[in-house]
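Shown next, in structure tokens, is the structure this report addresses.
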Amino acid sequence: MPNTPMKAVIPAAGLGTRFLPATKAMPKEMLPVVDKPAIQYVVEEATQAGIDDILIIIGRNKNNLSNHFDSVPELEDNLRNKGDEDKLAKVQASSELADIHFVRQGEPKGLGHAVLRAKAHVGSSSFVVMLGDDLIDERDPLLTTMIAEHERTGATVVALMEVDPEHIHMYGAAAVEETGTDGIVRVTGLVEKPSKEDAPSNLAVIGRYVLTPSVFEILARTEPGKGGEIQLTDALQELAADPDGPGVHGVVFSGRRYDTGDRVDYIKAIVQLAADRDDLGPELRPWFKEFAAKL
Ligand code: UTP
């Protein structure tokens, strides 16, 4: 648990083109994963790590997102009148989770640009960035380890995960060296979406970061990079290469992660999370077995 709770920033202003047409009028972070939008899992993860101030960066279709974290008196009255306490609690839970703020990213100019929009809200403290379509299973906590590493060293901390070399072109890839502490590496370089041949390793940067406010000054002058977007990876590369700074450390994660921004991984996430649930699993698990046997 951090000494002074950090603020969390959740960028959710991307176009979500891999999910069109579902994301034509709805951000991909609002796609349901079983019965909750993906972003609610991320907000819950933040609160479990002791964070209660959350800034969501929104793009077009902002209303869906902000409405979800607002109270809905007429729906609540309806459920209360019916005596449906269980559903009432579910509806109220999302509006009582944390102190949630919103800021617009006028144009989707990249993840780095989205993070820069958080500058006024975050101020001069270290903060957490959590991608709203990247879910970390609550049984495998990652954020608390990352925050502890930042508090111990003052370094920027990224989450790294080993991926199949065939998939490294979809991520930022890290060049690393050992620190002597199990599961923690020093990041010596970062490359955004490299080809398999150019990747410095198969350690991919996944959607959790602990950043220092110095990143804002770098992002403000970072030119568009890969895909014509202002890349957070490029700013982190500068911090990793700075011999006078605290550098960038990586927490190597080997737990359960679900990338709900990718169609196949999104379906896998729903199947796994539903099968594990006490209310749905008993009915689903035998059905999955029967279905798989027919494939
Ligand atoms: P992605 O590259 O996964 O999101 O960005 P995307 O561009 O919306 O997805 P596709 O490829 O078109 O399907 C990673 C995260 O950064 C946010 C996204 O919402 C996502 O959470 N993002 C990206 C922004 O907030 N603003 C941007 O300009 C770009």
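List of remarks:
- Solvent-free Debye scattering, log10 I(q)/I(0), computed from the Cα coordinates of the range 1-95 at q = 0.12, 0.15, 0.17, 0.24 Å⁻¹: -0.46, -0.69, -0.85, -1.22
- Note: the range 171-295, Cα convex hull, 174 Å³ per residue.
- The helix-only estimate of mean residue ellipticity at 222 nm for the chain, built from DSSP H runs of length n ≥ 4 each weighted as -39500 (n - 2.57), is -10500 deg cm²/dmol after division by the residue total.
- Selected from ARG80, ARG60, ARG263 as most flexible by GNM, with the chain as the system and alpha-carbon contacts under 10 Å: ARG80
- Taking θ as phi - 60° and the Karplus parameters 6.51, -1.76 and 1.60, the scalar couplings of the range 150-159 work out to 5, 5, 6, 10, x, 6, 5, 10, 10, 9 Hz in sequence order, x denoting glycine and proline.
- Listed cross-link partners LYS24/LYS268; LYS7/LYS28; LYS196/LYS294 are compared with a 28 Å cut-off, the Cα-Cα value being larger for LYS196/LYS294.
- Selected from PRO194, PRO246, PRO282 as most flexible by GNM, with the chain as the system and alpha-carbon contacts under 10 Å: PRO282
- GNM top mover of ASP53, ASP276, ASP70 - the chain, alpha-carbon springs below 10 Å: ASP276
- Where both bridge residues fall in the chain, DSSP classifies roughly 60% of the beta bridges as antiparallel.
- When the convex hull of its Cα atoms is projected in every direction, mean area for the chain (nm²): 17.5
- Additional length obtainable on full extension of the chain from ALA25 to TRP287, 0.36 nm per residue less Cα span: 91.0 nm
- For the chain, accessible area per residue (1.4 Å probe, heavy atoms of protein chains only), Å²: 50
- Carbon + sulfur, % of accessible area of the chain - ligands and nucleic acids excluded, 1.4 Å: 51
- Remark: the range 231-243, residue by residue, has Karplus-estimated 3J(HN,Hα) of 9, 4, 4, 5, 5, 5, 4, 5, 5, 5, 8, 7, x Hz, where x stands for each Gly or Pro and the curve is 6.51 cos²θ - 1.76 cosθ + 1.60 at θ = phi - 60°.
- Reach of LYS87 by Cα under 19 Å, taken over lysines that are not fewer than 8 positions away in the same chain: LYS36
The values are calculated or read from the model by the stated rules, or taken from the named source; none is laboratory data. Small disclaimer: the values here were computed from a predicted structure and weren't measured. Ligands, DNA and RNA are stripped out before the accessible areas are found, and what is left, the full protein with its side chains, is counted by its heavy atoms. Shrake-Rupley method; radii C 1.70, N 1.55, O 1.52, S 1.80 Å.
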